[in-house]
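Read-outs throughout are calculated quantities, based only on the coordinates presented, and are distinct from any laboratory measurement. Bear in mind that the values here come from a model prediction, so they are computed numbers and not experimental data. Cβ: placed from backbone, ideal geometry, glycine included. Neighbour counts: every protein chain shown.
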Amino acid sequence: KREKAGKILIDNGKKIRNIWERTSKNAGLDLQVSGIYPLSSFKIINDDWPIIITYFIQEMLKHNILASDRCYSNTCQNEKNLKIYEAACNDVFLKISRYLKQNTLKSKLEGPVKQMGFKRLT
């Protein structure tokens, strides 16, 4: 309460959502954002969503960012971190857009497509 963590989590969640919205718009991608501010998620509306999110994760790792289609904001996120995250998102979303237009995104994957949802392994 003293640190006003609730307000920080909400504010950071809003900032992250704005990053996704700005960078996806810049790349010409149709983005859907959901969840409460501190626990937000996104989806790029496209039939190749599993390939898209796999590529997003792969490329964000190359920017030294462990990321996925959801973000749990925290009190340690600051403007410097968010600027780095935004630059990485912008780079990756632009690549996704280009490769979708070229129909080559799947060929850019360096591993298997991410498993979507839960299913039995046996």
For this session: Among the residues of the stretch 12-48, write down those that are without any contact (Cβ under 8 Å) to a residue 60 or more places away in the chain, surrounded by fewer than 17 Cβ atoms within 10 Å (Cβ to Cβ) and assigned to a helix (DSSP H, G or I).
Result: 14, 18, 21, 25
Seminar exercise, completed: Those residues of the stretch 49-84 that are in a helix (DSSP H, G or I) and either without any contact (Cβ under 8 Å) to a residue 60 or more places away in the chain or of a type in the set (Phe, Trp, Tyr) (or both) come to a total of 15
